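K.L.:
Structure provided below as structure tokens; questions to follow.
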Amino acid sequence: ANGVPNTSIFSNQHTTYGALTFGMNWKPKVPALTKTFYVLLRPEVRVDTALNGVNTFILNAANMPTQKSQVSVGLDAIFGF
């Protein structure tokens, strides 16, 4: 916010990070608009954590990190024709 970069991944302590990502590809049946039309959906969930217990994520109003972990969720879609 206010043109300041998100510093939630930085800490004044040495930190070791771990991450785990779960994803899948799902090709649902859709009405064929052309002979080769398809939709591919790719949801993803990622968990990041500071392995040594240092707060490095989720900034509070004072711009200080308050959490040891964070979860990110994403989705992309591919339309083929």
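The values are calculated or read from the model by the stated rules, or taken from the named source; none is laboratory data. Note that the structure is predicted; figures quoted are calculated from it, not measured.
K.L.:
I'd like to check something: does the stretch 28-49 contain any residue that is closer than 18 Å to His14 by Cα and of a type in the set (Gly, Ala, Ser)?
P.N.:
No; the residues of the stretch 28-49 include none that is closer than 18 Å to His14 by Cα and of a type in the set (Gly, Ala, Ser).
K.L.:
Turning to a different aspect of this structure: Could you check, for the stretch 72-79, whether at least one of its residues is modelled with pLDDT of 90 or more and over 16 Å from the mean Cα position of the chain (by Cα)?
P.N.:
yes
K.L.:
If only one of Thr56, Thr21, Thr34, Thr16 is at pLDDT 90 or above and of a type in the set (Ser, Thr, Tyr), which one is it?
P.N.:
Matching residue, one of Thr56, Thr21, Thr34, Thr16: Thr21.
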